[in-house]
């Protein structure tokens, strides 16, 4: 399973890598903005799962997700929002874009890992 983690906080990206690398069946890439996420995708990386922050400089996480979901090659992508934003409007928008899991920071690494595992296709 390919995972792309997008967050402007390097400490969050580091935590995501540490937690997710516990599972050897995962290929993980990180990006610190929507623009750098697009650069990773342009290199040919096709994620099965996106872990997105909402509040980032430039384009926000849900806006990035919306633009990706409008493209056929990314319509299958599973999305987890990992954000400090708790605005009910954002929760509604996330649901309308097909976000499967909305996690509010700070979060326990074990909770994150369990959520990712629950979204992984079973063998």
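The values are calculated or read from the model by the stated rules, or taken from the named source; none is laboratory data. The model shown is predicted, which means the values in this text are computed figures rather than measured ones. Don't worry about glycine lacking a Cβ; one is built from the backbone with ideal geometry, like all the others, and counts go over all protein chains shown.
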- request: Would you tally the residues in the range 28-60 being assigned to a loop (DSSP other than H, G, I, E, B), more than 16 Å from residue 16 (Cβ to Cβ) and in contact with a helix residue (DSSP H, G or I) (Cβ under 6 Å, 6 or more places away or on another chain)?
  value: 2
- request: Taking residue 85 as meeting all but one of (1) crowded, with 16+ Cβ neighbours inside 10 Å; (2) modelled with pLDDT under 90; (3) more than 17 Å from residue 7 (Cβ to Cβ), write down the number of the exception.
  value: (3)
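Taking residue 91 as the residue in question, decide whether it is surrounded by fewer than 21 Cβ atoms within 10 Å (Cβ to Cβ) and either assigned to a helix (DSSP H, G or I) or modelled with pLDDT under 95 (or both). Show your work before the answer.
Details: surrounded by fewer than 21 Cβ atoms within 10 Å (Cβ to Cβ): yes; either assigned to a helix (DSSP H, G or I) or modelled with pLDDT under 95 (or both): yes.
Judged against the criteria, residue 91 is a match.
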- request: Exactly one condition in (1) touching a strand residue (DSSP E or B) at 6+ places or on another chain (Cβ under 8 Å); (2) crowded, with 18+ Cβ neighbours inside 10 Å is not met by residue 45; state its number.
  value: (2)
- prompt: Looking at the range 12-27, which of its residues are farther than 15 Å from residue 53 by Cα, part of a helix (DSSP H, G or I) and out of contact with any strand residue (DSSP E or B) (no Cβ under 6 Å at 6 or more places or on another chain)?
  reply: 18, 19
task: Spot the failing condition for residue 67; the list is (1) modelled with pLDDT under 95; (2) on the phi < 0 side of the Ramachandran plot; (3) over 12 Å from the mean Cα position of the chain (by Cα), and only one is missed.
output: (1)
query: Only one of these conditions is not met by residue 8: (1) at pLDDT 95 or above; (2) buried (at least 16 other Cβ atoms within 10 Å of the Cβ); (3) part of a loop (DSSP other than H, G, I, E, B); (4) in contact with a strand residue (DSSP E or B) (Cβ under 9 Å, 6 or more places away or on another chain). Which number is it?
result: (4)
task: Test residue 52 against the stated conditions and say whether it is within 13 Å of the chain's Cα centre (by Cα) and either surrounded by fewer than 18 Cβ atoms within 10 Å (Cβ to Cβ) or within 26 Å of residue 11 (Cα to Cα) (or both).
output: yes
